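Here's the structure we're looking at; comments come further down.
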Amino acid sequence: MDKNLIIQDDILRYKKNKFASMFAILALVFNCLYFTLLYAVCETALYKVPLGFSVIVNLLVLLAGFYASEGIKGYNKKFSIVLIVLAAVQVLRIIYYPIIGAAKNWLANDNHYFGISMNNAANSVLMVIYLAGSAACFIVSAVQGFIVARRLEVFQKKLDSGEISVEATIAEIEVEEAEMKAQVPQEAQPSVAEATVEAEEKTVSSEEAENG
């Protein structure tokens with residue numbers, strides 16, 4: 001294996017996967033934006049049993065998403081499955097309120113969202129964007145988290161089997177760096193002949209200056 005790659009894999013053992021975790025959190029932010037918009041629509045057609053079910057689903061997505069973000073941060077690739085399931089849930093949710101709701105004019109109330117006047121089409125489009133963004137972030141978190149977790153798992157197996165050694169790799173890198181440092185002064189130092197030529201040129205130029 002490449003020495004730098006070994007060092008990079010070894011570093012994974014001592015730091016968290018914040019990239020995957022942050023995308024899972026971002027997915028939850030999109031989810032919060034979605035249900036704040038949905039619950040801002042004061043239309044009597046929405047006040048039915050499915051709305052209560054939607055509240056429960058939102059709570060489950062928030063709890064499962066936050067739990068999965070912590071799990072994927074610790075390189076547990078099993079949480080990639082949870083994140084994919086959450087992404088599928090968000091995609092399925094697009095069908096009901098944003099699409100069917102818009103078709104049946106459930107979102108026609110002239111509500112205000114962050115001070116902006118909304119209508120049926122605006123509510124529907126924004127809901128689709130929020131749910132799609134949430135699903136996309138869950139997928140990115142799941143894929144990246146699985147790849148890095150698998151990479152660390154393979155590295156750990158090679159480390160346990162003795163196939164690779166971090167200490168030996170570091171020692172080799174230090175030897176290579178020492179050799180490079182030892183070569184730099186020799187290459188930078190001018191040869192004796194070059195130094196003699198430079199001295200002669202300086203002497204000639206000084207004599208010419210004295211002679212006018």
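The values are calculated or read from the model by the stated rules, or taken from the named source; none is laboratory data. Here the structure is a predicted model, which means the values were calculated and not measured. Cβ atoms come from the backbone with ideal geometry, glycine included; neighbour counts cover every protein chain shown. Accessible surface areas use protein heavy atoms only, side chains included; no ligands, DNA or RNA. Shrake-Rupley method; radii C 1.70, N 1.55, O 1.52, S 1.80 Å.
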Next on the checklist: 5 Å is the cut-off here: which amide hydrogens, built 1.01 Å from N in the peptide plane, fall below it relative to VAL41, excluding neighbours closer than 5 in sequence?
Outcome noted: none
Checklist outcome for this item: The FRET efficiency for LEU92 and ASN4, from their Cβ-Cβ distance with R0 = 35 Å and rounded to 0.05, is 0.20
Checklist entry - Where does each of GLU163, GLU43 land when they are ordered by accessible area, with a 1.4 Å probe and the largest first? => result GLU163, GLU43
Checklist entry - For segment 34-100, which whole-number percentage of the solvent-accessible area (1.4 Å probe, protein heavy atoms only) is attributable to carbon and sulfur atoms? => result 81
Item to check | Relative contact order of the chain, pairs being alpha-carbon contacts under 8 Å that are 6 or more residues apart, as % | outcome: 30
Next on the checklist: Can you compute the label reach from VAL143? Point 7 Å from Cα along the Cβ direction, backbone N cut-off under 15 Å, restricted to segment 57-77.
Outcome noted: none
Item to check | Under 5 Å, built H, 5+ apart or other chain: amide partners of TYR113 | outcome: MET118
Next on the checklist: Give the lysines whose C-alpha is closer than 22 Å to that of LYS157, dropping any in the same chain fewer than 8 places away, or say none.
Outcome noted: LYS3, LYS15, LYS16, LYS73, LYS77, LYS78
Checklist outcome for this item: Expressed per residue, the solvent accessible area of the chain in Å² (1.4 Å probe) is about 61
Item to check | Backbone HN-Hα couplings from phi across segment 41-47 [Karplus 6.51/-1.76/1.60, Hz, Gly and Pro as x] | outcome: 7, 9, 10, 4, 5, 7, 7
Checklist entry - Shape call for the chain from the C-alpha gyration tensor, a ≥ b ≥ c root eigenvalues: rounded (a/c under 1.5), prolate (a/b greater than b/c) or oblate? => result oblate
Item to check | segment 83-172: relative contact order in percent, alpha carbon pairs under 8 Å with at least 6 residues between | outcome: 31
Next on the checklist: Given a 1.4 Å probe and heavy atoms of the protein chains only, how would you sort GLU179, GLU167, largest accessible area at the top?
Outcome noted: GLU167, GLU179
